[in-house]
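Read through the structure below, which is laid out as structure tokens, and then see the notes.
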Amino acid sequence: ENAQKKTFEVLEDPTQWDQWELPELIEVNSNLKTLNNEKRTITNKIKDVTIAENSDFGSSSEWFILSRQCFSKQTSGFDYKICPFKEAKQDNTNLGKWQGWGETTSNGQKIKVMKFDKGTKCWNGPARSLDVEVSCGSQDEILSVEEPETCKYVAQMTSPAACS
């Protein structure tokens, strides 16, 4: 009885629990970590496939490369982050979720526009939104971000994907 009481007292002290780890418990914990990592990898692959199935990457999939990247620009005291086919942010403020493609014309040339909508609602105003006009350029780069109307943002971006 005395030996049982002493064992119980030792187990009650959390600072000494590591002295009681069994090799079997260590192995189970290791296996659990491995399985959780595998689950995370599979979940991410499922998300990628879902995005690919529900996104318009262009007739030759020229826009697909942008789906795996985010682009940042610091301007006017804000950090802008645009993740094509996902979301856009101004610092921690949501400018919108990916809605699809639009089109505009500039100097007689058609320009693809990434549409982000349903962002964080402005105080006493609409939900934020962002249009990203993408023109041909040698690199993927946000050139500028402006707010021509309250909570409606417009960005200029270049990408080799727009050159096709």
Legend entry - Highest-first arrangement of 124-134, 97-107, where packing means the average Cβ count within 10 Å: 124-134, 97-107
Inset, instruction - Calculate the spin-label point distance for Asn29 paired with Ile46, positioning each point 7 Å from the Cα along the beta-carbon direction, and give it in nanometres. - result: 2.8
Inset, instruction - Using θ = phi - 60° and the Karplus relation 6.51 cos²θ - 1.76 cosθ + 1.60, list the HN-Hα couplings for the range 82-90 in order, rounded to whole Hz, with x at every Gly or Pro. - result: 10, 10, x, 6, 10, 7, 9, 9, 10
Inset, instruction - Calculate, in nm to one decimal, what Gln109 and Glu62 gain on full extension: separation in residues at 0.36 nm each, minus their alpha carbon distance. - result: 15.1 nm
Legend entry - Eligible lysines near Lys89 by straight Cα distance, threshold 29 Å, same-chain separation 8 or greater: Lys39, Lys45, Lys47, Lys73, Lys81, Lys97, Lys110, Lys112, Lys115, Lys118, Lys121, Lys152
Legend entry - Pairwise label distance in nanometres, Glu146 with Asn124, each label 7 Å out on the Cα-Cβ vector: 2.6
Legend entry - Fraction of accessible area attributable to carbon and sulfur, the range 19-164 (%, probe 1.4 Å): 48
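Kindly rank 153-160, 114-121 from highest to lowest mean number of other beta carbons found within 10 Å of each residue. Walk me through the numbers before you get to the answer.
On the way: 153-160: 19.8, 114-121: 18.0.
Highest to lowest by the protection proxy: 153-160, 114-121.
The values are calculated or read from the model by the stated rules, or taken from the named source; none is laboratory data. Note that this is a predicted model, so its numbers are computed, not measured. In this analysis, Cβ positions are derived from the backbone assuming ideal geometry, glycine residues included, and neighbour counts consider all displayed protein chains. Each accessible area value is taken on the protein alone, full model and side chains, heavy atoms only, with ligands, DNA and RNA left out. Shrake-Rupley method; radii C 1.70, N 1.55, O 1.52, S 1.80 Å.
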